[in-house]
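Below is one structure, written out as structure tokens, with a few remarks after it.
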Amino acid sequence: MSLRGERQSHTFEVKVIRLKAGANERVASLCLLFLSAFVSLLPLTGCPYYPPPGATVVMTPASFDRSFAAAAGAMHDEGLTITVQDPGSGTVVGGLDGSTVTASVRQQADGSVVVQFNSRDVRDPRLLDRISSRYDRLMGR
């Protein structure tokens, strides 16, 4: 190759592939099918799906009466026989199979309510956990 103004010529050879009769229509219809499927699905790629937001839980402070009723209800639901139910002192006492469970409901100075379940002689070690879980469900927690 020299740079002195000599021209170089390049020749290209083009080969044409001939298909059988009727094959052109099949290839064209397949191309049209794929192209139409692509074009019909293309707009969907720009449409993101946003799931609806979760439910908003608004926590309201528990009232003394509601908490007292839920404590007594939890003890009753777990099979305890309620022997004392005194809202004035905030005490609920119940028994089951010789075990005594006491619920103490107190309202604090800031308006919040504290509920505590106690037992000295509980025979079922999971009983207090079940009562507490039932109380939480009754309170909507």
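The values are calculated or read from the model by the stated rules, or taken from the named source; none is laboratory data. Source: prediction; values computed, not measured. Every residue, glycine among them, receives a Cβ derived from its backbone with ideal geometry; neighbour counts consider all protein chains shown.
Overview of results
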quantity: Scan of segment 96-111 for residues that are surrounded by fewer than 17 Cβ atoms within 10 Å (Cβ to Cβ) and not in a loop (DSSP other than H, G, I, E, B), ordered by number; calculated: Ser99, Thr100, Thr102, Ser104, Arg106, Gln107
quantity: Complete set of residues in segment 97-116 that are within 14 Å of Gly79 (Cβ to Cβ) and under 37 Å from the mean Cα position of the chain (by Cα); calculated: Val101
quantity: Residue that is surrounded by the fewest Cβ atoms within 10 Å (Cβ to Cβ) [pool: residues in segment 56-70 that are within 28 Å of the chain's Cα centre (by Cα) and modelled with pLDDT of 90 or more]; calculated: Arg66
quantity: Pair list, Cβ < 8 Å and 6+ apart or interchain, from segment 73-92 residues that are under 17 Å from Val122 (Cβ atoms) to residues that are in a strand (DSSP E or B) and charged (D, E, K, R); calculated: Val92/Asp86
quantity: Residue count, segment 6-55 (criterion: in a helix (DSSP H, G or I) and either of a type outside the set (Gly, Ala, Ser) or at pLDDT 75 or above (or both)); calculated: 22
quantity: Set Val92, Val122, Val114: member being surrounded by 14 or more Cβ atoms within 10 Å (Cβ to Cβ), of a type in the set (A, V, I, L, M) and part of a strand (DSSP E or B); calculated: Val92
